[in-house]
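Report on one structure; see the data block that follows.
The values are calculated or read from the model by the stated rules, or taken from the named source; none is laboratory data. Computed from a predicted model, the values in this text were never measured in an experiment. Neighbour counts are summed over all protein chains in view; Cβ atoms, including those assigned to glycine, are modelled from backbone coordinates with ideal geometry. When the accessible area is computed, the model is the full protein with side chains, heavy atoms only, and any ligands, DNA or RNA have been set aside. Shrake-Rupley method; radii C 1.70, N 1.55, O 1.52, S 1.80 Å.
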Amino acid sequence: AGAGGGELFATHCAGCHPQGGNTVIPEKTLARARREANGIRTVRDVAAYIRNPGPGMPAFGEAMIPPADALKIGEYVVASFP
């Protein structure tokens, strides 16, 4: 069934978001309160954000992260960074 959310996060996200932090914009962590302050509340919100992120983060198109994998990353982020 392919890689799980944690493995996908490690591959695509952990370089800039180690342990849910942010090496580019330190105050924009993946902690729930910080995500929700930016309108990123659900698994689908995370998946949508990686397609069209804000300044400092590259967009990840479907060729790089297919839709099902984007949702797995969203599930991992929501579950792992309270």
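Residues that are of a type in the set (D, E, K, R) and not in a loop (DSSP other than H, G, I, E, B) do not occur anywhere in region 54-63. Filtering region 8-18 to residues that are touching a helix residue (DSSP H, G or I) at 6+ places or on another chain (Cβ under 9 Å) and assigned to a helix (DSSP H, G or I) leaves Leu8, Phe9, His12. Taken across region 24-34, residues that are over 14 Å from Val77 (Cβ atoms) and touching a residue at least 24 places away in the same chain (Cβ under 8 Å) do occur, with at least one present. Among the residues of region 64-82, those that are out of contact with any Gly (no Cβ under 9 Å at 6 or more places or on another chain), in contact (Cβ under 8 Å) with a residue 40 or more places away in the chain and open to solvent by 50 Å² or more (accessible area, probe 1.4 Å) comprise Met64, Pro82. Only residues that are exposed (fewer than 12 other Cβ atoms within 10 Å of the Cβ) and either out of contact with any helix residue (DSSP H, G or I) (no Cβ under 9 Å at 6 or more places or on another chain) or not in a loop (DSSP other than H, G, I, E, B) (or both): list them for region 25-43, please. Across region 25-43, the qualifying residues are Pro26, Ala33, Ala37.
Scanning region 1-23 for residues that are farther than 16 Å from Pro55 by Cα and in contact (Cβ under 8 Å) with a residue 24 or more places away in the chain gives Gly2, Ala3, Gly4, Gly5, Gly6, Leu8, Phe9, His12, Gly20. There is at least one residue in region 44-63 that is of a type in the set (A, V, I, L, M, F, W, C), loosely packed, with under 10 Cβ neighbours inside 10 Å and without any contact (Cβ under 8 Å) to a residue 60 or more places away in the chain.
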